[in-house]
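The next block holds one structure in the form of structure tokens; read it before the comments.
The values are calculated or read from the model by the stated rules, or taken from the named source; none is laboratory data. Small disclaimer: the values here were computed from a predicted structure and weren't measured. Don't worry about glycine lacking a Cβ; one is built from the backbone with ideal geometry, like all the others, and counts go over all protein chains shown. Side chains are part of the model used for accessible areas, which takes the heavy atoms of the whole protein and leaves out ligands, DNA and RNA. Shrake-Rupley method; radii C 1.70, N 1.55, O 1.52, S 1.80 Å.
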Amino acid sequence: MQPSASAIPDFYYALFAFYEPALTILGFIGAVHDPETTHNAQAPWPADSLPPTSLPKASIVTVIQLAHVCALMGVVNFFVLTAIRKNLSTQLAIQEKIIFALMTPLLMGDCMHLYVTLWALGDERWDISQWSPMLWTTIVLGFSLMIPRIMWHLGIWRYVDSRDRQPDVTTNEKE
């Protein structure tokens with residue numbers, strides 16, 4: 001497959017400017033609608049301890065604020081990537097640098113999110129038969145964003161200035 005003539009071609013644009021914001025906004029709506037379930041589904045509970053049936057107001061606020069920050073990051077992706085495509089369509093090297101500045105911390109966040117999720121499972125982290133639907137969703141959706149972000153960083157299916165830049169062709173005519 002030929003590299004795209006854009007640092008954010010349609011595949012990545014659809015994924016990071018529409019799919020990711022949709023996931024984060026839906027997560028925020030879910031947290032606002034039912035913060036207790038959102039809280040209690042984040043990690044497994046010990047067999048001898050049931051999750052709380054009601055949460056203190058501080059915990060509810062924390063869950064909703066965390067979901068809000070996630071949704072905000074998704075919305076930021078949409079606006080930044082749309083502005084880059086619209087205003088820097090002919091400046092591919094600058095596109096790449098700005099998108100790198102956006103994608104790098106998001107990739108670090110993807111890795112940390114996966115690490116913390118697996119860490120929270122303790123010794124049962126690899127007993128996938130016991131994973132809850134929420135845990136499966138967290139892992140699968142996390143990878144559905146992390147793998148394409150890694151692909152973007154590797155220059156797959158996109159313009160990479162150091163690889164794809166066309167040399168300047170100037171003629172120096174002497175009369």
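Quick notes
- Cα gyration tensor category, rounded, prolate or oblate, for the chain with a/c compared to 1.5: prolate
- With a cut-off of 15 Å between beta carbons, the residues surrounding Met151 carry a summed charge of -1, where Lys and Arg count +1 and Asp and Glu -1.
- With contacts taken as Cα pairs under 8 Å at a separation of at least 6 residues, segment 79-175 carries a relative contact order of 36 percent.
- Among Asp110, Asp34, the order of accessible area from largest down is Asp34, Asp110, computed with a 1.4 Å probe on protein heavy atoms.
- Zero-based 10 Å bins, Cα pair distances in segment 92-142, whole percents: 22, 39, 20, 13, 5
- Free of any trypsin sites (Lys or Arg not before Pro) that DSSP assigns to a loop and that have at most 13 other C-beta atoms within 10 Å, the longest stretch within the chain is 1-164.
- If you plug the beta carbon distance of Gln91 and Phe18 into 1/(1 + (r/R0)^6) with R0 = 22 Å, you get a FRET efficiency near 0.40.
- With Cα atoms, 0 to 90° folded angle of helix 92-120 axis to the chain main axis: 20 degrees
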